[in-house]
Structure formats: structure tokens, C-alpha cells
1. Helix-only estimate, please: 222 nm mean residue ellipticity of chain A, summing -39500 (n - 2.57) across DSSP H runs of length 4 or more and dividing by its residues, to the nearest 500.
2. Could you work out the mean projected area of the convex hull around the alpha carbons of the protein assembly as shown, in square nanometres to one decimal?
3. Above 17 angstrom, tally the Cα pairs of region A:110-207 and express them as a % of all pairs, no decimals.
4. Kindly sort A:65, B:37 by accessible area of their heavy atoms, largest first, with the probe set to 1.4 Å.
5. Could you sort B:43, A:157 by accessible area so the largest value comes first, with the probe set to 1.4 Å?
6. How would you rank A:190-202, A:32-44, A:78-90, B:16-28, highest first, on the average number of other Cβ atoms within 10 Å across their residues?
7. Which whole DSSP H helices in chain A pass both tests: a Cα extent of 24 Å or more along the axis and a mean Kyte-Doolittle value no lower than -1.0?
8. How large is the accessible surface of residue B:51 in square angstrom, using a 1.4 angstrom probe and rounding to the nearest 10?
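The values are calculated or read from the model by the stated rules, or taken from the named source; none is laboratory data. As the structure is a computational prediction, the values presented were derived from the model and not from experiment. Cβ sites come from the backbone with ideal geometry, for glycine too, and all protein chains shown count toward neighbours. All accessible areas refer to the heavy atoms of the entire protein, side chains included, with ligands and DNA or RNA removed. Shrake-Rupley method; radii C 1.70, N 1.55, O 1.52, S 1.80 Å.
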Amino acid sequence: MTELPDLPVLAASAEPDECQLVQALRRGEEPAFAQLVRLHGRQLLATARRLLNNEEDARDCLQEVFLIAFRAIEKFEAKCRLTTWLHRIIVNTALMKLRSRRSRPECSIDDLVPRFTEDGHHLEPPCPWSDHATRSLQAAESHRLLRRAIEQLPESYREVVLLRDIEGLSTEATGQFLAITANAVKIRLHRARQALRTLLDRHLEDLT
Amino acid sequence: MTCREFAEFLDAFLAGTLLAEEMAAFHRHLAVCVHCVTYLDTYRRTVDACRRLGATGEDVPAEVPEELVQAILASRRKQA
Ligand SMILES: [Zn+2]
């Protein structure tokens with residue numbers, strides 16, 4: 001049996017150096033555009049789907065992102081990675097798309113965060129999640145459950161959960177995208193997580 | 001510490017940024033309040049589930065649908 005070649009060698013021949021790709025894009029070489037789409041499109045499409053939760057919007061968004069990237073490749077600075085650069089463009093584009101969607105009636109965040117008595121006790125004590133509920137949340141199909149709950153959050157809260165907890169951006173980066181302070185991100189994230197917990201609680205209860 | 005205050009400290013607790021004094025008060029409350037034990041548990045599971053959704057990459061497709069790749073390349077040629 002022949003030995004498999006070393007992975008780095010394989011990777012190097014499959015994915016030419018990022019610098020070379022960027023240079024080819026700047027020269028306007030057709031195969032380079034296709035290569036950029038195939039190399040980074042999968043990850044970006046997943047991000048667009050997570051943020052927009054709608055296949056048609058996600059595909060439109062991906063298309064816009066690559067057109068922006070093709071035009072802006074001159075401005076790409078080699079000190080950051082293509083992945084990071086493209087991720088930033090898609091988050092921005094998806095956020096604009098999210099905001100341009102016709103606004104739907106939203107439930108108030110106040111109905112979703114816990115309430116307390118005057119002396120600071122839980123007004124409606126939380127119920128523990130059963131083993132069944134916990135398994136549902138860990139199962140593969142939990143994606144749908146979670147997305148449905150995230151969709152129900154008021155928009156400004158949904159954005160902050162998507163950027164911080166789903167896309168894993170820092171508090172500072174999230175603040176820059178949303179044009180709010182880091183402290184406002186923290187406050188909004190806390191209320192959003194509390195509301196999401198309540199929504200999941202309701203959905204999990206429906207399952208049992 | 002009350003349940004209301006406990007809830008305010010949750011993110012700092014999960015991020016590991018509570019000061020030693022706050023941490024002690026947090027745990028003292030946790031030892032006597034079953035509601036906050038439940039709240040912490042379900043809150044943490046909520047945050048974990050979100051992070052898993054983003055971090056596992058399970059939702060990354062094997063490839064971009066070919067018709068979408070072609071549509072992207074065609075619209076670039078139109079603009080060029
Ligand atoms: Zn309590």
C-alpha cells in the first residue's frame with residue numbers, strides 16, 4: 001500500500017497561495033474569479049443562510065458579496081486574510097438586507113425577559129428542561145428549532161445574537177457593525193439571550 | 001444577592017470575568033436558590049446552542065450550487 005502524501009503538500013497544490021490568487025483577481029483573470037467563489041463561497045453561503053434564514057435572500061446576498069469583492073479587490077490589504085475580509089463584507093451586506101426586509105410585527109422584548117418581585121425574586125420561577133428537551137436541543141434538528149426562536153426576537157436583539165453568539169464576532173466588532181457602544185452590545189446581548197431562553201423554553205415545552 | 005441581581009451577573013459569570021467577591025456572592029445565592037440554579041442551567045444551554053450553531057460548521061454546504069456559481073460569474077462579466 002502506498003503512503004498518502006503529506007497533507008501540506010496536497011493542500012499547497014490544491015490551493016494556490018492567497019497572494020497569487022489576489023494578484024490574478026487584480027489582473028482580471030477569469031479562472032481566478034471562479035476559484036474565489038469555489039474556495040470561499042461555501043463558508044459565506046452558510047453565514048448568509050444563518051443571518052438571513054431564507055434561501056433566496058442568502059443566494060442574492062452571496063452574489064452581491066462577490067460582486068463587491070471583485071470590484072474592491074484592489075483595496076484588499078494583504079495584512080488581513082481573504083476569509084476575514086469576505087466575512088466582514090457578507091455580514092455587512094446581510095445586515096443591510098435584514099433591515100430592508102419589510103418589518104414584521106415583533107413581540108416586545110419585555111414579554112420575554114424574566115420579571116421579578118419588588119424584593120428581587122423570580123415572579124415566574126423558571127422550569128428545568130427535561131432530558132428530552134435537552135436532547136432535542138443537542139440533536140441535529142435543533143438548528144431549525146433555534147433558528148425559529150431567533151427569528152422571533154425583535155430585530156435589534158436578533159442582530160446582536162447573530163453577530164456575537166452565532167458568528168462569533170467580538171463585542172467591539174459587533175458594536176462597529178451596529179454603530180453602538182461595546183456597553184450597549186453587552187446590555188442588548190444579555191436581554192436577547194434571556195428572551196431567547198424564554199422562546200426556547202416555550203418551543204421545548206411544545207415538543208413534550 | 002437577589003435573583004434579579006443574579007440574572008444581571010450571568011454574562012460576566014459565563015465569560016469568567018466576575019471579581020472574586022462577586023463570584024462568592026454568586027455562588028452563595030446559587031447554593032440557596034433552586035430557581036436560579038434552573039435559570040443558570042437553561043440560560044447556559046441557550047448560549048451554548050447558539051455557539052454550536054455557528055461554530056460547528058455542520059451547516060456549511062459541501063459546495064456552492066453550480067447554478068449559483070455560474071450566476072455570480074455571469075453577473076460579473078455583465079458588469080465588467
Ligand atoms: Zn435566585
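1. -21000 deg cm²/dmol
2. Convex hull of Cα atoms, orientation-averaged projection: 20.5 nm².
3. Tail fraction, whole percent: 56.
4. So the residues, ranked largest to smallest area, are B:37, A:65.
5. Heavy-atom accessible area, descending, gives A:157, B:43.
6. My ranking of the peptides, most packed first, is A:190-202, A:32-44, A:78-90, B:16-28.
7. A:30-52, A:55-72, A:82-100, A:182-207
8. Near enough 110 Å² of accessible area.
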